[in-house]
1. Give me log10 I(q)/I(0) at q = 0.16, 0.21, 0.28, 0.32 Å⁻¹ for region A:64-113, Debye formula, one equal scatterer per alpha-carbon, no solvent.
2. List the distances, in nm to one decimal, from the label point of A:T78 to the label points of the same position in every other copy, shortest first, placing each label point 7 Å from Cα along the Cα-to-Cβ direction.
3. Compute for chains A and B the buried accessible surface, both sides summed, probe 1.4 Å, and express it in Å² to the nearest 100.
4. Suppose we look only past 18 Å in the calculated P(r) of region A:2-128. What percent of the Cα-Cα pairs does that tail hold?
5. I want the local charge near A:A93. Using Cβ-Cβ distances under 15 Å, sum +1 for each Lys or Arg and -1 for each Asp or Glu among the other residues.
6. Project the alpha carbons of region B:35-93 onto their principal axes and report the range along each, largest first, in whole Å.
7. Scale the Cα Rg of the protein assembly as shown by the rule-of-thumb value 2.2 N^0.38 Å and send over the ratio, two decimals.
8. Could you please state how large a percent of the accessible area of region B:2-128 is carbon and sulfur, counting protein chains only and using a 1.4 Å probe?
2 protein chains.
Amino acid sequence: MLLLSAARALVDGIDGRVRAAGFDDIRPAHGFAFARVSGAGATVTELAEHLEITKQAASQMAEELIRKGYLQRSPHPTDARARLLTLTEKGHACTRAADAAAVATLEPLGRALTGSQKQALRTALRQLATPGRIRPTW
Amino acid sequence: MLLLSAARALVDGIDGRVRAAGFDDIRPAHGFAFARVSGAGATVTELAEHLEITKQAASQMAEELIRKGYLQRSPHPTDARARLLTLTEKGHACTRAADAAAVATLEPLGRALTGSQKQALRTALRQLATPGRIRPTW
DNA sequence: ACTATTTAGTCAGGCAGCTTGACCAAATTT
DNA sequence: AAATTTGGTCAAGCTGCCTGACTAAATAGT
């Protein structure tokens, strides 16, 4: 229960700060999409695999984020079927805000724990976490 | 990310084991309902508050869990408007299975950590967790 | 080189789980 | 005893996901 509550508090904390920063038309789930698209970009199919949803659902989400100005589509450099999704400047600004929000949310925790406690925390979470399977969909 | 992944792994682990135990017609969200209903029981309104959803949604969920044999309705002892939701024997069996599933899922973690590491983990999670707001709905 | 299969993506329709709004009956307040 | 609040349901609608069917480009097989 503590673990679930902490996870929820983290998501709520980040979401609240991101919204407060002016990005109030997106949901936490979109953050997981941004994480995959940032960097070299991603195709709809790659996004779908990362989020563990169907291509159709990923396509809809991409459409929404494009419409809202966070993503853009460009022709894929090597595959004429595919189209590359990348962050717009607004998308980059939003991920920067999310990073800052995460830091701010975790800051009191960072101050409250000693170095060895942080280490123990990482160890425990890593022990439990399954690689991949990040996005909570329940 | 580690924290979210760990939370997801915990939920997936419990869900998988509960399903494997034969309770394959319910979702993790129902576990949070059982937690509130178990004990002295609860009304639809109390359930709604606990799950942070509307009364209508809680009513539907209760209806479903009654239909599937996990809950039962009885007249409320002191309020003729209200009806008390309680666990059936099947509901109790399911919560026992869920408890066992949680223990089994966390068992490797328990073996891997020293006492002081467990203590540090609790401290850290408690620091972050908001009282109430357990159910992850994002 | 030509056919067959796979892969990236979209269109269409449907469903589950939630919402808001309107309402009734019992309890509580004034 | 009238007015308000509270517990619960009915009805309708929305959203985010799903399955199924399809097109076009890439890749594999012969």
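The values are calculated or read from the model by the stated rules, or taken from the named source; none is laboratory data. As the structure is a prediction and not an experimental result, all values here were calculated from the model. A quick note on method: Cβ atoms are made from the backbone with ideal geometry, for glycine too, and the neighbour counts reach across all protein chains shown. Side chains included, ligands, DNA and RNA excluded: accessible areas come from the protein's heavy atoms. Shrake-Rupley method; radii C 1.70, N 1.55, O 1.52, S 1.80 Å.
1. -0.60, -0.76, -0.96, -1.05
2. Copy-to-copy label distances for A:T78: 7.1 nm.
3. Details: alone 9250 and 9240 Å², together 14540 Å².
By this definition, chains A and B bury close to 3900 Å².
4. On the way: 4754 of 8001 pairs.
Roughly 59 percent, once rounded to a whole number.
5. On the way: positive: A:R17, A:R19, A:K68, A:K90, A:R96; negative: A:D24, A:D25, A:E89, A:D99.
Counting the neighbours of A:A93, the net charge comes to +1.
6. For region B:35-93, the Cα spread along each principal axis is 26, 25, 18 Å.
7. Values: Rg = 21.2 Å, N = 276, 2.2 N^0.38 = 18.6 Å.
The value comes to 1.14.
8. Details: 3460 of 6560 Å².
Carbon with sulfur: 53 percent of the solvent-accessible area.
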